[in-house]
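K.L.:
One structure, as structure tokens, below. Some questions next.
The values are calculated or read from the model by the stated rules, or taken from the named source; none is laboratory data. In this text the structure is predicted, and so the values were computed from the model without any measurement. Glycine gets a Cβ as well: all are built from the backbone with ideal geometry, and neighbour counts include every protein chain shown. When the accessible area is computed, the model is the full protein with side chains, heavy atoms only, and any ligands, DNA or RNA have been set aside. Shrake-Rupley method; radii C 1.70, N 1.55, O 1.52, S 1.80 Å.
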Amino acid sequence: MTYIEFLQVHGGRMADGTVLTVVQFLLATVVAVAVAVLFGLMRLSRNPAIRGAATVYVEIFRGTSLLIQLFWIFFVLPIFGLNLDKFVAGFLAVGLNMGAYGAELVRGAILSVPTGQWEAAVALNMTSRKRMWRVILPQAFVIMLPPWGNLVIEILKGTALVALISVTDLMFEIRQINISTFMSVQAFGTALIVYYVLARFFVTPVMRALEHFMSRRIGRA
Amino acid sequence: MTEDMSRYPLRLEGDDVPMVRFQNVTKRYGPLVVLDQLDLDVSPGEMVTIIGPSGSGKTTVLRMLMTLETINGGVIYVDGEPLTHVERNGQLVPANSKHVRRIRTKIGMCFQHFNLFPHMTALGNCMEGPVQVLGLSRREAEERSLELLDMVGMAEKRDEHPSRLSGGQQQRVAIARALAMRPKVMLFDEVTSALDPEVISEVTNVIRHLVGAHHLTMLMVTHQMGFAKEISDRVCFFYNGAIEEQGTPTKLFENPERERTKQFLNAVLDAN
Ligand SMILES: Nc1ncnc2c1ncn2[C@@H]1O[C@H](COP(=O)(O)OP(=O)(O)OP(=O)(O)O)[C@@H](O)[C@H]1O
Ligand SMILES: [Mg+2]
């Protein structure tokens, strides 16, 4: 069987899997961004309880492996009465995990906005909420976009683990094909190529374009 | 540590209430006493200039009035009302942020490094406060902002972001932005120190215009002695966190009484 024939036979399944991978990736990214903003802001709260809760979250999700978190969410939470569909458990685990890393990016970016910006916002008598949303976060957003470019790639790669709770993503299909055909080189070779192409020719250009667009909006380019 | 607050009036009343009063104000950073029991009154419409050596506490005075620094003792009154205190059971106690925000509407500030918002245009910077804080409609805010940008000679650059403006232009926009809030008191902290010599007059001309045309009360920290002499009603010489000497520009620059004032002025004039 040539590689062309291999693709003709199994291409359909792999395409279906790729679609699911992309959907899992997009949903995980949404979760990660929401979690990152929420916990990044909480990490900067003046209230020690809020700050502490965020620190615990970030520590736990960064300090243990994504795979274990995935299994916890899918296999252990049901024991406590929380049943999640495998599809939801998949992107949720990836998003919650990557969001913990994102929270640190949000926090760092907010802290690196020059103090003069905070002071100007106080001098205009803005409320602390307006200061954050109107003045600080837009600037922090531009600062943190480049590191987010890396994190988003990590999210894409991280979604490959959802195959282990039987979400029928690309990795799941590839493993099935491998088991039934023993054509490991072709199967995993294709996986390698698809993930690379997604990262290199879709995610990275989108993030670059976003960086470019944002720095133009801030008048830097 | 706790201060006896009964000596401070709950509010200032009478015929000649100062626009700003520092009463017995102390500021410390750890063990370092930066301002020691400062008393300073500024009358409505008065232009008071603060001069003095580096580290003498000039910036700190303005920053406390803008509530960018907390104070460790004493009371600041703005327009007769305490800035960071409120009355409870006949005594002044620290105020909540709502009170502070109400009093703070009367104060505007311009900074040495402009601190314009980089993600907004010149016009956007000016409209931000009126729209987001004062609740003006965008149309009203734009009208007000354009008028002020025109006054500072920046109407043509209304759609430029700060990164495309020179220092002098940015500072003029910053002045317009502060004035758009219609403050009663304007604070200028070395607003020309970061500028190239040839553009300093762009900014000083705007301030000169404000002295003539508005009923603004102004407090200005500057190292430009000529400008201070020309436009101030009163000059305060700060030394070591206290006012060493103050008076009309003529008196302070031409007939200083204190030895330290003389030394400072000689040193500054030698440098020029
Ligand atoms: N955040 C801070 N922490 C500790 N010390 C500070 C802080 N801010 C200011 N100081 C100290 O307070 C003193 C007064 O500072 P301030 O900035 O008011 O001086 P200044 O008169 O404005 O000086 P310059 O002419 O250099 O601007 C200085 O000794 C300074 O080192
Ligand atoms: Mg200073």
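K.L.:
Hey, with R₀ at 41 Å, roughly what FRET efficiency would B:V17 and A:R129 work out to, going by the Cβ-Cβ distance, to 0.05? Write down the numbers at each step before the final one.
P.N.:
Details: r = 33 Å, r/R0 = 0.82.
E(calc), rounded to 0.05, equals 0.75.
K.L.:
For peptide B:163-169, how many partner chain Cβ atoms fall within 10 Å of a residue's Cβ, on average? Don't skip to the end; give the middle numbers.
P.N.:
Working: counts 5, 2, 1, 0, 0, 0, 0.
Neighbouring Cβ atoms belonging to other protein chains average 1 per residue here.
K.L.:
Would you work out which of A:G102, B:M186, A:N178 lies farthest towards the positive end of the dipole of the protein assembly as shown, given +1 charges on the beta-carbon of Lys and Arg and -1 on that of Asp and Glu, about the Cα centre?
P.N.:
A:N178
K.L.:
Taking 0.36 nm per residue of sequence separation and subtracting the Cα-Cα distance, how much length would be gained by fully extending the chain between A:T204 and A:W72, in nm to one decimal?
P.N.:
The span from A:T204 to A:W72 would gain 44.4 nm if fully extended.
K.L.:
Label chain B by shape, choosing from rounded, prolate and oblate, from the square roots a ≥ b ≥ c of the eigenvalues of the Cα gyration tensor; if a/c is under 1.5 it is rounded, and otherwise prolate applies when a/b is larger than b/c, oblate when it is not.
P.N.:
oblate
K.L.:
Give the shape of region B:1-95 as rounded, prolate or oblate, defined through the alpha-carbon gyration tensor: a ≥ b ≥ c are the square roots of its eigenvalues, a/c under 1.5 means rounded, and otherwise the shape is prolate if a/b is larger than b/c and oblate if not.
P.N.:
oblate
K.L.:
With the calculation restricted to Cα positions, what are the radius of gyration and Dmax of region B:20-159 in angstrom?
P.N.:
17.8, 54
K.L.:
Hey, got a sec? Which trypsin sites (Lys or Arg not before Pro) in region A:1-66 land in a DSSP loop and have at most 11 other Cβ atoms within 10 Å?
P.N.:
Counting only loop positions with at most 11 other Cβ atoms within 10 Å, the trypsin sites (Lys or Arg not before Pro) in region A:1-66 are A:R46.
K.L.:
Only helical DSSP H runs with n ≥ 4 go in: add -39500 (n - 2.57) per run for the protein assembly as shown, normalise by residue count and round the 222 nm mean residue ellipticity to 500 deg cm²/dmol.
P.N.:
Working: 18 runs with 254 residues, N = 493.
Calculated mean residue ellipticity at 222 nm is -16500 deg cm²/dmol.
K.L.:
To the nearest 20 debye, what charge dipole does the protein assembly as shown have about its Cα centre, counting +1 at the Cβ of each Lys and Arg and -1 at the Cβ of each Asp and Glu?
P.N.:
That gives the protein assembly as shown a dipole magnitude of about 1180 debye.
K.L.:
Another question, if that's okay. Can you give me the relative contact order of chain B as a percent, contacts being Cα pairs under 8 Å and 6 or more apart?
P.N.:
It comes to 24 percent, rounded to a whole number.
K.L.:
Which residue, B:L195, B:L35, B:L219, tops the fluctuation ranking in a GNM of chain B built on C-alpha contacts under 10 Å?
P.N.:
For chain B, modelled as a Gaussian network with Cα springs under 10 Å, the answer is B:L195.
K.L.:
Using the Cα centre of region A:3-217 as the reference point, and only Cβ charges (+1 on K/R, -1 on D/E), how large is the resulting charge dipole? Debye, rounded to the nearest 20.
P.N.:
The dipole magnitude comes to about 880 debye.
K.L.:
Just want the answer: with Cβ charges of +1 for Lys and Arg and -1 for Asp and Glu, which residue in B:V42, B:M19, B:P94 is farthest toward the dipole's positive end in region B:1-141?
P.N.:
About the Cα centre, the residue reaching furthest to the positive side is B:P94.
K.L.:
Okay, moving on. Given the options B:P162, B:P44, B:P197, state which has the largest fluctuation in a GNM of chain B using a 10 Å cut-off (strictly under) for Cα springs.
P.N.:
Among B:P162, B:P44, B:P197, the largest mean-square fluctuation in the Gaussian network model of chain B belongs to B:P197.
K.L.:
Give me the accessible area per residue for chain A, probe 1.4 Å, as a whole number in Å². Present the calculation step by step, with values, prior to reporting the outcome.
P.N.:
Details: 11220 Å² over 221 residues.
Normalised by residue count, the accessible surface of chain A is 51 Å².
K.L.:
What does the charge dipole of chain B about its Cα centre add up to, to the nearest 20 debye, if the Cβ of each Lys and Arg holds +1 and the Cβ of each Asp and Glu holds -1? The partial results should precede the final answer.
P.N.:
Details: 30 positive and 35 negative charges, 148 e Å.
For this selection, approximately 720 debye.
K.L.:
Here's something else I'd like to know. Report, to the nearest whole %, how much of the accessible area of the protein assembly as shown belongs to carbon and sulfur atoms, 1.4 Å probe, protein only.
P.N.:
Looking at the protein assembly as shown in its full context, I get 56 percent from C and S.
K.L.:
Still on this structure: At a probe radius of 1.4 Å, figure out the A/B buried accessible area, summed over both chains, and give it in Å² to the nearest 100.
P.N.:
It comes to approximately 2000 Å² buried between A and B.
K.L.:
Residue farthest toward the positive end of the dipole of chain A, with Cβ of Lys/Arg at +1 and Asp/Glu at -1: which of A:G90, A:Q24, A:I50?
P.N.:
Comparing the listed Cα positions along the dipole, A:I50 ranks first.
K.L.:
Just need the relative contact order of region A:3-217 here, percent rounded to a whole number, with Cα pairs under 8 Å and 6+ apart.
P.N.:
28 percent
K.L.:
Can you pull the mean other chain C-beta count within 10 Å for peptide A:123-133?
P.N.:
6
K.L.:
Of B:K106/B:K157; A:K86/A:K130; B:K106/B:K262; A:K130/A:K157; A:K130/B:K229; B:K98/B:K251, which ones are farther than 32 Å apart at the Cα?
P.N.:
Result: A:K86/A:K130; B:K106/B:K262; A:K130/A:K157; A:K130/B:K229; B:K98/B:K251 exceed 32 Å.
K.L.:
Is the shape of region A:3-217 rounded, prolate or oblate, going by the alpha carbon gyration tensor and its root eigenvalues a ≥ b ≥ c, with a/c under 1.5 for rounded and a/b larger than b/c for prolate? Let's see the in-between values first.
P.N.:
Working: a/c = 3.45, a/b = 1.75, b/c = 1.97.
Oblate.
K.L.:
Still on this structure: For chain B, modelled as a GNM with alpha-carbon contacts under 10 angstrom, which of B:G57, B:G226, B:G30 fluctuates the most?
P.N.:
B:G30
K.L.:
Could you give the Stokes-Einstein D for the protein assembly as shown in µm² per second, using the C-alpha Kirkwood radius, 37 °C, 0.692 mPa s?
P.N.:
123 µm²/s
K.L.:
When N is the residue count of region B:125-272, what does its C-alpha Rg come to as a fraction of 2.2 N^0.38 Å?
P.N.:
For region B:125-272, the normalised Cα radius of gyration is 1.20.
K.L.:
How many angstrom lie between the Cα centre of region B:109-155 and the Cα centre of region A:157-205?
P.N.:
Taking the Cα centre of each part, region B:109-155 and region A:157-205 sit 53 Å apart.
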